[in-house]
Amino acid sequence: VGAIVVLTTPPTPRHGRRGRRVAAVTLLIVPAVAKAASEMLDHSLPQPRVGRRSRPTGHPVFPSGHALGVAAVAFATGYVIVREELAPRSIVTPAAALAPVVVGLGRLVREKHLASDTVGGWLAGASIAAALAGAYELALGR
C-alpha cells in the first residue's frame, strides 16, 4: 500500500520522479527482506527453552518474527514517508512506533514469546529498516 501511495502522489521539486520510484522500490522490498532475515535468524541462532506456551518447544521463538517484520515495515515506511514529504514527522513517528509495540505486546499477552524475544524482534526490525533507509539515501545520491 505504501508503495502505491508513494507512486501516485505528485513528486515534489526537491525529490522528483526518481525519488518516488526509489521510495516505492524500498517499500516493496522491506517485507521480503524482513521475512528472509527472520528465517535466517530462526535457523542460525540457538533457540531458548521457553516455559508454558502453546507451541512446541522446538519451534523458533527468538527473535519474534512478528515483531521483526512489523518493526522493519513500520520504521522503513515511516522514514520514507517523512523523507518524501508525504506526511509530517509529528504524525508519522508515533504511528510508526505504535504498530510494533501493539504487535509485540500482543505476542506477550498470548504467551507466544518472552519479552526478550519481542525486544529482539524490534531491534532486528529496526536494524533492517536502518539498512534499507541507508540504501534508499545512497540510491538517491544523498
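The values are calculated or read from the model by the stated rules, or taken from the named source; none is laboratory data. Nothing here was measured: the structure is a model prediction, and the numbers come from that model. Counting neighbours? That spans all protein chains shown, and the Cβs are built from the backbone with ideal geometry, glycine included. Note: accessible area is taken over every heavy atom of the protein model, side chains too, but ligands, DNA and RNA are not part of it. Shrake-Rupley method; radii C 1.70, N 1.55, O 1.52, S 1.80 Å.
Of the numbered criteria (1) open to solvent by 30 Å² or more (accessible area, probe 1.4 Å); (2) under 14 Å from the mean Cα position of the chain (by Cα); (3) of a type in the set (A, V, I, L, M); (4) under 23 Å from Gly65 (Cα atoms), the one Ala124 fails is (1).
Conditions (1) surrounded by 16 or more Cβ atoms within 10 Å (Cβ to Cβ); (2) modelled with pLDDT of 90 or more; (3) not polar (S, T, N, Q), marked per residue:
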position: Pro46; (1), (2), (3): no, no, yes
position: Arg49; (1), (2), (3): no, no, yes
position: Arg53; (1), (2), (3): no, no, yes
position: Thr57; (1), (2), (3): no, no, no
position: Pro60; (1), (2), (3): yes, no, yes
position: Leu68; (1), (2), (3): yes, no, yes
position: Val73; (1), (2), (3): yes, yes, yes
position: Tyr79; (1), (2), (3): yes, yes, yes
position: Glu85; (1), (2), (3): no, no, yes
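The set of residues in the range 96-107 that are among the hydrophobic types (A, V, I, L, M, F, W, C) and surrounded by fewer than 16 Cβ atoms within 10 Å (Cβ to Cβ) comprises Ala97, Leu98, Val101, Val102, Leu105.
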